[in-house]
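*Asks:* Please see the structure below; I have some questions.
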Amino acid sequence: MVRRTEFVPYRPKTILNKGKRADHWFWSRYSAYPYKGCMHGCEFCYCREEKYYPYDDPRDFAYRILVKENAPELLRRALSRLPVDLVMTGDYQPAEHKFELSRKMLEVCLEMGFPVSVLERSPLVLRDLALLKEINHQAPSVVFFSLISAPDSPSYERVRQMEALAPRMEKRYAAMEQIAEAGILTGASMMPILPGLCDTDENLEATVRWTAEHGGKFVIAAGLTLADQQRDYFFRVLRERFPDLVPLYERLYPTGSYGAVRSGDPHAIARCIRELCRQYGISDRMPRPIIPGDKRALNKRVVEALANQVYSMELENASSQRIWAYRKAAWAIEDTPQDLGLIYRAMGRKGLESIENVGQEMAQVVEDLLSRVPILRQAQEPVSSEWWPP
Ligand code: SF4
């Protein structure tokens, strides 16, 4: 029997999640969403975890949608008190046809000059393409797609069974092409890479190739996590529909684990994706959207370079001490209110060393990065991402 969807309007008191600083995967500092529950109902969705989902029964997740009817007003009020930075927003599940709250929230971002980051499993996002173009024109933004396979991958139809209520991936790749043609940064979020379904060489290659062929500039990837009621739900799905995979998942996700527990090299898949991205001329990291003329553009670009270096070191299994030094320096520079270029022009390397948590060794790394940026030669020129090495 087909289950009907129930919509439950309510008026929350707040809507915006605010990070202390931008995160190093998606570069967003803020996030705000209009619905709880998702009609796409992907079987692996982490939003079924108790901490994200307010119902006892995770089977309700795709069929009982909480609608934050005051979402645009809440967003306007929250953003009016905050410095401009990237807002993750937009939820184009079928509920959006009826309520249009994602659209209204984008209108608020446009009105207030905030750039947006929209991650989608639906081509319905194209309904608001004109609006997204306006936002992107004012403040560089990103619209990208959840894609964990591609139509010519041998495992495509099995992967589809894990997200059967979502629009087919062909439509998402076609939408990506339109977003790229509109001049908006786009790419794929290959999350989660489901063991035994998405982690084959053929599936990884097909996903990266389809992304590159449809105008995507990046594929960022991460593994599956399982916790509490979401874990029970997922194992129930496996037993009913993918019994052949149960032994593999029981081995990789023993009781009490969150991410996969692998005995071999934990970064082998990420390195394979990196190599594939190089082959197809795209990146395995999302380029950081930065507003031209942003007074802290240079700081942000340096943080991006340091974070990319952290990721490379993780893939190379570098020492945790070294990784920590880069990560701390990235956070310190993100938190520095003054323009790094001004500090360096006024005080040279000593100025960089004086930033808390940077220190002598990292000051040299930062100086080396700065030497590649024309802003130091042409003081007021805005920083362009094209100058920055990938
Ligand atoms: S589209 Fe995203 S939020 Fe919705 S069910 Fe799938 S993974 Fe979860």
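*Asks:* If you average the sequence gap of Cα pairs under 8 Å that are 6 or more apart and divide by the length of the chain, what percent do you get for the contact order?
*Replies:* This gives 13 percent for the chain.
*Asks:* Per the Debye formula with a single identical scatterer at each Cα and no solvent contribution, what log10 I(q)/I(0) holds for region 14-159 at q = 0.09, 0.11, 0.12, 0.17 Å⁻¹?
*Replies:* The Cα Debye sum returns log10 ratios of -0.29, -0.44, -0.52, -1.02.
*Asks:* Now a separate question. Hey, what angle do you get for helix 297-315 against the long axis of the chain, alpha-carbon based, 0 to 90 degrees rounded to 10?
*Replies:* With rounding to tens, the tilt is 60 degrees.
*Asks:* Using the heavy atoms of the protein chains and a 1.4 angstrom probe, tell me the accessible area per residue for region 180-306 in square angstrom.
*Replies:* For region 180-306, the per-residue accessible area is 41 Å².
*Asks:* Given the -39500 (n - 2.57) contribution per DSSP H run of 4+ residues, what per-residue ellipticity at 222 nm results for the chain, rounded to the nearest 500 deg cm²/dmol?
*Replies:* -12500 deg cm²/dmol
*Asks:* Roughly how far apart, in whole Å, are the Cα centres of region 195-225 and region 237-276?
*Replies:* Cα centroid to Cα centroid, the span is 16 Å.
*Asks:* Turning to a different aspect of this structure: Please list, in order along region 340-357, the HN-Hα scalar couplings obtained from phi with the Karplus expression 6.51 cos²θ - 1.76 cosθ + 1.60 (θ = phi - 60°), rounded to whole Hz, x for Gly and Pro.
*Replies:* The phi angles translate into 4, x, 5, 4, 5, 5, 6, 10, x, 4, 4, x, 5, 5, 6, 6, 4, 6 Hz.
*Asks:* Hey, if you put +1 on the Cβ of every Lys and Arg and -1 on every Asp and Glu Cβ in the chain, which of Ala221, Phe114, Tyr173 ends up farthest toward the positive end of that dipole?
*Replies:* Phe114
*Asks:* How much length, in nm to one decimal, is gained on full extension between Arg160 and Asp265, taken as 0.36 nm per residue of separation minus their Cα-Cα distance? Write out the running numbers ahead of the final one.
*Replies:* Values: separation 105, 0.36 × 105 = 37.80 nm, distance 2.78 nm.
Contour length minus Cα-Cα distance gives 35.0 nm.
*Asks:* I'd like the carbon and sulfur percentage of the solvent accessible area for region 240-330, probe radius 1.4 Å, heavy atoms only, ligands and nucleic acids excluded.
*Replies:* Answer for region 240-330: carbon and sulfur cover 52 percent of the accessible area.
*Asks:* How long, wide and thick is region 92-244, going by the Cα atoms along their three principal axes, in whole angstroms, largest first?
*Replies:* 51, 33, 23
*Asks:* Go through Cys38, Thr255, Pro287 and say which Cα lies farthest out towards the positive end of the charge dipole of the chain; charges sit on Cβ, +1 for Lys and Arg, -1 for Asp and Glu.
*Replies:* So the residue furthest toward the plus end is Cys38.
*Asks:* Region 33-68: which GluC sites (Glu not before Pro) are DSSP loop and have at most 13 other beta-carbon atoms within 10 angstrom? Mind dumping the intermediate values first?
*Replies:* Details: sites: Glu43, Glu49, Glu50; in loops: Glu43, Glu49, Glu50.
Here the sparse-neighbourhood loop sites are Glu50.
*Asks:* With unit charges on the beta carbons (Lys and Arg positive, Asp and Glu negative) and the dipole taken about the Cα centre of region 205-362, which residue among Phe242, Tyr311, Leu342 sits farthest to the positive side?
*Replies:* Towards the positive end, the residue furthest out is Leu342.
*Asks:* Largest first, how would Val2, Val310 line up by accessible area (1.4 Å probe)? Walk me through the numbers before you get to the answer.
*Replies:* Values: Val2 135, Val310 10 Å².
Heavy-atom accessible area, descending, gives Val2, Val310.
*Asks:* What FRET efficiency would be calculated for the residue pair Asp60, Ala222, taking the C-beta separation as r and a Förster radius of 25 Å, to the nearest 0.05?
*Replies:* E(calc), rounded to 0.05, equals 0.45.
*Asks:* Over 22 Å, how big is the tail of the calculated P(r) for region 1-82, in percent of all Cα pairs?
*Replies:* 37
*Asks:* Extension gain Glu50-Asp23, at 0.36 nm per residue separation less the Cα-Cα distance, in nm?
*Replies:* Between Glu50 and Asp23, full extension yields 7.4 nm more.
*Asks:* What order do you get for 135-142, 186-193 when each peptide is scored by the mean count of other beta carbon atoms within 10 Å, highest first?
*Replies:* Sorting 135-142, 186-193 by mean packing, highest first, produces 186-193, 135-142.
*Asks:* Let me ask you something else. Would you give the gap between the C-alpha center of region 52-84 and the C-alpha center of region 303-326, rounded to a whole Å?
*Replies:* 34
*Asks:* Measure off 7 Å from each Cα along the Cα-to-Cβ vector at Met112 and Glu240, then give the distance between these two points in nanometres to one decimal.
*Replies:* 4.0
*Asks:* Cα-Cα over 23 Å: which of Lys18/Lys98; Lys18/Lys133; Lys13/Lys51; Lys98/Lys171; Lys20/Lys300; Lys104/Lys300?
*Replies:* Beyond 23 Å: Lys18/Lys98; Lys18/Lys133; Lys104/Lys300.
*Asks:* Could I ask something else about it? Using +1 on the beta carbon of Lys and Arg, -1 on that of Asp and Glu, and nothing else charged, what's the dipole of the chain about the Cα centre, debye to 20?
*Replies:* The calculated dipole for the chain is roughly 860 debye.
*Asks:* Counting Lys and Arg as +1 and Asp and Glu as -1, each charge on the Cβ, what is the dipole of region 21-132 about the Cα centre in debye, to the nearest 20?
*Replies:* Dipole about the Cα centre, nearest 20: 220 debye.
*Asks:* Let me know the charge dipole size of region 286-347 about its Cα centre in debye, to the nearest 20, where only the beta-carbon of Lys, Arg (+1) and Asp, Glu (-1) is charged. It would help to have the intermediate numbers written out before the result.
*Replies:* Details: 9 positive and 7 negative charges, 30 e Å.
In total the dipole reaches around 140 debye.
*Asks:* I would also like to ask the following. With everything on Cα atoms, drop me the angle between helix 228-241 and the longest principal axis of the chain, reported from 0 to 90° to the nearest 10.
*Replies:* Computed tilt is about 50 degrees.
*Asks:* Set the Förster radius R0 to 35 Å, insert the Cβ-Cβ distance between Lys13 and Glu177 as r into 1/(1 + (r/R0)^6), and round the FRET efficiency to 0.05.
*Replies:* Numbers: r = 40 Å, r/R0 = 1.15.
For Lys13 and Glu177, the calculated efficiency is 0.30.
The values are calculated or read from the model by the stated rules, or taken from the named source; none is laboratory data. Note that the structure is a prediction, hence the values are computed from the model and not measured. Don't worry about glycine lacking a Cβ; one is built from the backbone with ideal geometry, like all the others, and counts go over all protein chains shown. Calculation scope for accessible area: heavy atoms of the full protein, side chains included, ligands and nucleic acids excluded. Shrake-Rupley method; radii C 1.70, N 1.55, O 1.52, S 1.80 Å.
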